[in-house]
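Take a look at the structure set out below.
Read-outs: derived from the displayed coordinates by stated rules, not from any lab. Keep in mind the model is a prediction, meaning the values are calculated, not measured. Don't worry about glycine lacking a Cβ; one is built from the backbone with ideal geometry, like all the others, and counts go over all protein chains shown.
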Amino acid sequence: MLLFLLACAGPPEAPVAPAAEKPTPVEVPSEGLDADLEHTLAFHATRPIYEQPHGVGLKVPEGLPNLSAETCGACHTEIYAEWSQSTHSKAWVDPQLQAEMAKSGNRWLCVHCHTPLLVQQQTWAIGLVEDDVEAPQLVTNASFDAELREEGITCAACHVRDGVIVGPGLTDSTAPHPVRAEERFTNEDLCLRCHQAVQTYPGKTFVCTFQTGEEWEAGPYPGEGKGCRDCHMPEVERPVAVGGPIRKVRRHGWRGAGIAKVEGIQPPISANPPGLDIEASWSGQELALTLTNARAGHKLPTGDPERWVQVDVHFEDAAGTTIGKPWSDRMGQEWEWWPTPKKLGDTRLAPKQSKVETLDIPKTAVRAVIEASSHRMSEETQSYHELETYPISVVTHRMTVSETGSEGGLLTD
Ligand code: HEC
Ligand code: HEC
Ligand code: HEC
Ligand code: HEC
Ligand code: HEC
């Protein structure tokens with residue numbers, strides 16, 4: 001049977017090498033927890049920052065029974081409720097991640113961004129056979145916490161280091177646990193450690209291509225003082241913990257494109273409305289469409305190269321019958337994965353960039369119907385991974401345009 005994979009990002013299209021040639025992970029015996037920890041930290045220190053775990057998680061902060069998000073949620077109720085709806089909380093249970101990881105020996109790479117603490121990882125890499133990223137030497141992790149792994153990018157993944165709760169640094173904190181202020185909570189460093197990573201692996205058909213940080217830096221938002229948190233963690237005034245003082249703090253929903261990981265579970269649209277704006281005007285026999293990346297602080301869409309944003313237009317006559325040929329525009333990246341990953345094209349809109357498309361209006365048309373949507377993957381990829389119940393797209397705009405004006409637009413909650 002032929003097998004292939006993809007990875008940090010990359011859709012499958014064609015089969016590759018026969019299974020016999022595939023390098024595989026090797027299990028090595030444990031030398032005890034302390035020695036294993038030392039070996040894995042030493043190995044990871046030789047790798048790029050985005051291939052390293054974020055923390056260990058063996059020391060639970062004083063005053064807390066464990067690191068689970070539910071424990072934090074007993075006091076930080078609203079933050080917990082928001083996080084529970086977020087993609088970050090689904091970063092391990094994500095059915096697509098699970099399907100992709102099963103297809104390659106490179107999963108040790110995936111875990112550091114999707115389950116960033118060493119205690120969340122069932123095995124630890126301590127080296128590579130012949131420097132092959134698909135052939136890690138793995139020891140079984142004696143401190144593995146299977147329940148914490150389920151929580152993916154859990155509170156502790158961002159907030160626990162060396163047995164201390166780290167955060168932005170509240171003035172006159174009333175915290176019952178030790179706290180330490182760290183700068184990466186108030187600039188882009190925390191986010192970019194996972195959202196900016198570019199790496200190719202010679203001889204492999206997967207790449208790591210998250211360029212959200214560079215896209216943001218190249219755009220107008222840094223100059224306006226708007227970073228990742230300003231759009232993805234909007235400000236709110238409320239108590240940080242039950243019974244605490246009201247403070248100006250930030251929501252924890254991180255709404256992105258709004259394509260749920262689990263049907264029905266995601267932050268509301270108002271938490272961060274879609275990036276696209278559509279203006280349409282009907283003049284004579286022409287429909288002019290202006291498509292703008294009005295709200296995304298980076299390219300639209302960013303991140304995973306399989307994603308795209310689509311605009312569909314069809315015309316109707318007075319009886320409501322579709323006439324003429326429907327029109328469609330797809331804004332995304334185009335990659336060739338075999339034999340070597342290569343980007344072939346990129347039609348995404350940069351931050352605040354607009355483009356105008358002009359469509360001919362069929363003679364008997366009285367209205368144009370416009371729909372926009374965001375897509376995570378194609379139907380082919382969905383069925384390749386056997387992910388039939390996994391949501392793969394979301395409609396973001398619906399509008400109709402006629403000689404007398406337009407109705408509808410961005411969908412709201
Ligand atoms: C992806 C990283 C990340 C995760 C996961 C995360 N946080 Fe935060 N958290 C942040 C950042 C960034 C800030 C700083 C926001 C700011 O600028 O004030 C923050 C701030 C806080 C604060 C300070 C008050 C506030 O709201 O700004 C508390 C308390 C907090 N987080 C608790 C939690 C809890 C509890 C969880 C899990 C339910 C959690 N966080 C998950 C990144 C994270
Ligand atoms: C028993 C209640 C309780 C539990 C459990 C709890 N916290 Fe807190 N935490 C607080 C209180 C109270 C504050 C301070 C709030 C204030 O002063 O407004 C706080 C403050 C914080 C801050 C802000 C630190 C700063 O100053 O930057 C963070 C981050 C945080 N907690 C994260 C967590 C995480 C993560 C967990 C779970 C591992 C957790 N907390 C568990 C009560 C709790
Ligand atoms: C430990 C790595 C890590 C850190 C730190 C991190 N992220 Fe993420 N983020 C991810 C991963 C992985 C996903 C996707 C999970 C999945 O789809 O399985 C994600 C998803 C997202 C999404 C949602 C994408 C979508 O369309 O659903 C947004 C928005 C986002 N992150 C913003 C942020 C911001 C802002 C910060 C900084 C406060 C941050 N992230 C910190 C790894 C991280
Ligand atoms: C000016 C507001 C703004 C800023 C700044 C911003 N984003 Fe976004 N981001 C958005 C919007 C809006 C979307 C939804 C785009 C869409 O409709 O698909 C989004 C989507 C995303 C997604 C999901 C993929 C996608 O394009 O749908 C990720 C991941 C993400 N942002 C991460 C980040 C990170 C990391 C930063 C900081 C470098 C950041 N964003 C800065 C507004 C912003
Ligand atoms: C450098 C950090 C990093 C590593 C390493 C990483 N990821 Fe991710 N992953 C992310 C981020 C950030 C996102 C969110 C980007 C977005 O939504 O566009 C993400 C999203 C995903 C998604 C969801 C895509 C979608 O459209 O919803 C899948 C599936 C995934 N990763 C699989 C993997 C696999 C498999 C590996 C290992 C081969 C891996 N990742 C390694 C950071 C990482």
Selected from Ala135, Ser86, Val56, residue furthest toward positive end of dipole (segment 19-250; charges at beta carbon):
Ser86
What share of all Cα pairs of segment 212-337, in percent, falls into each consecutive 10 Å distance bin?
10, 29, 30, 20, 9, 3, 0
Defining a contact as two alpha carbons under 8 Å apart and six or more residues distant in sequence, what relative contact order in percent does segment 269-410 show?
26
For the chain, what proportion of DSSP beta bridges, expressed in % and rounded to the nearest 5, is antiparallel?
90
Counting other C-beta atoms within 10 Å, which of Glu279, Glu379, Glu306, Glu237 has the fewest, and how do the rest follow?
Glu237, Glu379, Glu279, Glu306
Check segment 269-410 and count each lysine pair with an alpha-carbon distance under 25 angstrom, considering only pairs eight or more places apart or from different chains.
8
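How big, on average over all directions, is the shadow cast by the Cα convex hull of segment 370-413, in nm²?
If you wrap the Cα atoms of segment 370-413 in a convex hull and average its projections, you get 4.0 nm².
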Over the residues of segment 16-97, compute the C-alpha Rg and express it relative to 2.2 N^0.38 Å.
1.56
Once the dipole of segment 269-410 is set up from charges on Cβ (+1 Lys and Arg, -1 Asp and Glu), the residue from the list Ser373, Val356, Trp282 lying farthest towards its positive end is Val356
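May I have the convex hull volume per residue, in Å³, for the Cα set of segment 35-164?
On the way: hull volume 13.5 nm³, N = 130.
Cα convex hull per residue, to the nearest whole number: 103 Å³.
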Over every pair of different alpha-carbon atoms in segment 288-369, take the mean of 1/r and invert it; report that Kirkwood radius in Å.
14.7
Considering only DSSP beta bridges whose two residues both sit in segment 19-250, what percent are antiparallel, to the nearest 5?
75
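Please state, as a whole number in µm²/s, the translational diffusion coefficient that the Stokes-Einstein equation yields for segment 269-410 at 37 °C and 0.692 mPa s, with Rh defined as the Kirkwood radius across alpha carbon pairs.
Details: Rh = 16.5 Å.
Using the Kirkwood radius from Cα pairs, D works out to 199 µm²/s.
For the chain, what value does the Rg/Rh ratio take when both radii are computed over Cα atoms and Rh is the Kirkwood radius, given to two decimals? Spell out each step's value before the answer.
On the way: Rg = 23.7 Å, Rh = 23.5 Å.
For the chain, the value is 1.01.
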Largest-first principal axis extents of the Cα set of segment 19-250 (Å):
61, 45, 30
A correct fewest-to-most ranking of Ser270, Ser406 by other Cβ atoms within 10 Å would be Ser270, Ser406
